[in-house]
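Q: Dropping a structure here in structure tokens format, bear with me for questions.
The values are calculated or read from the model by the stated rules, or taken from the named source; none is laboratory data. Treat the numbers as computed from the prediction; the structure is a model and nothing was measured. Cβ sites come from the backbone with ideal geometry, for glycine too, and all protein chains shown count toward neighbours.
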Amino acid sequence: MVVILFCISLPLFLLLTNLRVLATNYSVYEFAFERYEIEESSGLDQQQLNVVATSLIDYFQNTRSDELLDVKIRKDGMEYSLFSEREILHMYDVKIIMDRLFQAHNITFVIIVTYVTSIFLWSQEKKIPYMGSLLIYSGVGMLAVLVSLALIIFTGFDRAFEQFHLILFNNDFWKLNPSSDALIQIFPRQFWLDITKIICILTIFESLLLIFLGYLLSFYGKKS
């Protein structure tokens with residue numbers, strides 16, 4: 001049971017690490033704003049978009065679970081709320097999910113460190129080849145799941161995106177209007193498609209790396 005928990009925690013930790021880094025990295029937002037020409041589509045200038053990016057990063061990173069994302073933008077000397085009440089409530093739902101994912105990220109890290117430490121301190125088995133086999137199991141399992149999900153997502157992204165929201169949210173605040181809602185103007189469909197691709201590619205690469213490292217540990221561990 002503990003071995004299964006470790007084999008699940010390791011690839012899940014890598015997946016959540018990729019998600020966490022992308023969600024809290026200012027460069028990702030900056031690149032996206034330029035790539036998708038958000039200044040033109042949203043009517044916001046670069047300074048205002050910088051405010052959006054830093055506000056979102058701070059919102060995801062802080063631990064205040066009751067906080068609402070009310071981004072203030074200055075235009076023509078006046079300050080106003082960028083997001084509507086519907087958008088703010090949707091982002092509150094998103095924050096709850098992100099908080100849980102970040103907690104899961106921390107928990108998987110503790111499980112990995114605890115298990116690896118216990119193996120090297122108390123296990124009587126050949127530790128290096130044993131760890132190698134666990135890395136292989138973890139990598140292969142995650143690779144199979146990711147490839148299957150990638151095929152489902154990228155052969156029908158819009159439907160998968162909708163189902164994703166229906167599963168995660170118990171309201172329809174996520175159904176926004178591209179012509180009037182700033183949130184969807186700043187983060188259009190193509191952004192979510194590309195960010196999903198990046199997370200999948202990174203995690204697939206890391207899974208392959210786990211398998212390769214596992215084979216190395218198994219091979220050289222048995223020789224020693």
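Q: Of 195, 136, which residue is more than 21 Å from the chain's Cα centre (by Cα) and either in a helix (DSSP H, G or I) or of a type in the set (Lys, Arg) (or both)?
A: Values: 195 fails: more than 21 Å from the chain's Cα centre (by Cα).
One residue alone meets the criteria, 136.
Q: Same structure, new question: Return yes when residue 94 is crowded, with 18+ Cβ neighbours inside 10 Å and assigned to a helix (DSSP H, G or I) and no when it is not.
A: Working: crowded, with 18+ Cβ neighbours inside 10 Å: yes; assigned to a helix (DSSP H, G or I): yes.
Considered against the rule, which asks whether it is crowded, with 18+ Cβ neighbours inside 10 Å and assigned to a helix (DSSP H, G or I), residue 94 comes out as yes.
Q: What do you reckon, is residue 179 surrounded by 15 or more Cβ atoms within 10 Å (Cβ to Cβ) and either touching a Phe, Trp or Tyr at 6+ places or on another chain (Cβ under 6 Å) or hydroxyl-bearing (Ser, Thr, Tyr) (or both)? Reasoning before the result, please.
A: Values: surrounded by 15 or more Cβ atoms within 10 Å (Cβ to Cβ): no; either touching a Phe, Trp or Tyr at 6+ places or on another chain (Cβ under 6 Å) or hydroxyl-bearing (Ser, Thr, Tyr) (or both): yes.
The answer is no for residue 179.
Q: Does residue 168 qualify as being in contact with a Gly (Cβ under 8 Å, 6 or more places away or on another chain) and among the aliphatic types (A, V, I, L, M)? Please lay out each step first, then the result.
A: Details: in contact with a Gly (Cβ under 8 Å, 6 or more places away or on another chain): no; among the aliphatic types (A, V, I, L, M): yes.
So residue 168 fails the test.
Q: For segment 52-66, what are the residues that are in contact with a helix residue (DSSP H, G or I) (Cβ under 8 Å, 6 or more places away or on another chain) and either assigned to a loop (DSSP other than H, G, I, E, B) or among the aliphatic types (A, V, I, L, M) (or both)? I'd like the intermediate steps shown before the answer.
A: Here is the first cut: in segment 52-66, the ones in contact with a helix residue (DSSP H, G or I) (Cβ under 8 Å, 6 or more places away or on another chain) are 52-54, 56-57, 59-60, 63, 65.
Across segment 52-66, the qualifying residues are 52, 53, 56, 57, 63, 65.
Q: Right, another one. Can you report the number of residues in segment 150-162 which are in a helix (DSSP H, G or I), over 18 Å from residue 211 (Cβ atoms) and at pLDDT below 85? Reasoning before the result, please.
A: Filtering segment 150-162 for residues in a helix (DSSP H, G or I) gives 150-154, 157-162.
From the residues that got through so far, the ones that are over 18 Å from residue 211 (Cβ atoms) too are 151-154, 157-162.
Filter once more, keeping what is at pLDDT below 85: 151-154.
Of the residues in that region, 4 qualify.
Q: Can I ask one more? Can we say residue 219 is in a helix (DSSP H, G or I) and surrounded by fewer than 17 Cβ atoms within 10 Å (Cβ to Cβ)? Step through it out loud before you land on a result.
A: Values: in a helix (DSSP H, G or I): yes; surrounded by fewer than 17 Cβ atoms within 10 Å (Cβ to Cβ): yes.
Against the criterion (in a helix (DSSP H, G or I) and surrounded by fewer than 17 Cβ atoms within 10 Å (Cβ to Cβ)), residue 219 qualifies.
Q: What residue, of 49, 5, 69, 89, is part of a loop (DSSP other than H, G, I, E, B) and more than 15 Å from the chain's Cα centre (by Cα)?
A: Details: 49 fails: part of a loop (DSSP other than H, G, I, E, B); 5 fails: part of a loop (DSSP other than H, G, I, E, B); 89 fails: part of a loop (DSSP other than H, G, I, E, B).
Step by step, each of 49, 5, 69, 89 is checked, and only 69 is part of a loop (DSSP other than H, G, I, E, B) and more than 15 Å from the chain's Cα centre (by Cα).
Q: Output the qualifying pairs, or none if there are none: Cβ atoms under 9 angstrom, residues six or more apart or on different chains, first residue in segment 39-54 and over 21 Å from residue 180 (Cβ atoms), second residue at pLDDT below 90 and surrounded by fewer than 17 Cβ atoms within 10 Å (Cβ to Cβ).
A: 47/74
Yes or no, residue by residue, for (1) small (Gly, Ala, Ser); (2) touching a residue at least 24 places away in the same chain (Cβ under 8 Å); (3) within 30 Å of residue 63 (Cα to Cα):
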{"position": "128", "(1), (2), (3)": "no, yes, no"}
{"position": "133", "(1), (2), (3)": "yes, yes, no"}
{"position": "137", "(1), (2), (3)": "no, yes, no"}
{"position": "153", "(1), (2), (3)": "no, yes, no"}
{"position": "159", "(1), (2), (3)": "no, no, no"}
{"position": "196", "(1), (2), (3)": "no, yes, yes"}
{"position": "202", "(1), (2), (3)": "no, yes, yes"}
{"position": "207", "(1), (2), (3)": "yes, yes, no"}
{"position": "218", "(1), (2), (3)": "yes, yes, no"}
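Q: Quick check on my filter: what residues within segment 12-34 are within 15 Å of residue 102 (Cα to Cα) and part of a helix (DSSP H, G or I)?
A: Of the residues in segment 12-34, the ones within 15 Å of residue 102 (Cα to Cα) are 12-25.
Correct list: 12, 13, 14, 15, 16, 17, 18, 19, 20, 21, 22, 23.
Q: Condition (residue is out of contact with any Ser or Thr (no Cβ under 8 Å at 6 or more places or on another chain), farther than 21 Å from residue 90 by Cα and among the aromatic types (Phe, Trp, Tyr)) applied to segment 176-190: is it met by at least one residue?
A: Within segment 176-190 (the criterion being out of contact with any Ser or Thr (no Cβ under 8 Å at 6 or more places or on another chain), farther than 21 Å from residue 90 by Cα and among the aromatic types (Phe, Trp, Tyr)), the answer is no, since none of the residues qualifies.
Q: Go through (1) surrounded by 11 or more Cβ atoms within 10 Å (Cβ to Cβ); (2) out of contact with any Phe, Trp or Tyr (no Cβ under 9 Å at 6 or more places or on another chain) and name the single condition residue 155 misses.
A: Looking at each condition in turn, residue 155 falls short on (1).
Q: On to the next question. Do the conditions hold for residue 65, that is, is it among the small types (Gly, Ala, Ser), loosely packed, with under 12 Cβ neighbours inside 10 Å, more than 30 Å from residue 116 (Cα to Cα) and in contact (Cβ under 8 Å) with a residue 24 or more places away in the chain?
A: Values: among the small types (Gly, Ala, Ser): yes; loosely packed, with under 12 Cβ neighbours inside 10 Å: yes; more than 30 Å from residue 116 (Cα to Cα): yes; in contact (Cβ under 8 Å) with a residue 24 or more places away in the chain: yes.
Spelling it out, residue 65 is indeed among the small types (Gly, Ala, Ser), loosely packed, with under 12 Cβ neighbours inside 10 Å, more than 30 Å from residue 116 (Cα to Cα) and in contact (Cβ under 8 Å) with a residue 24 or more places away in the chain.
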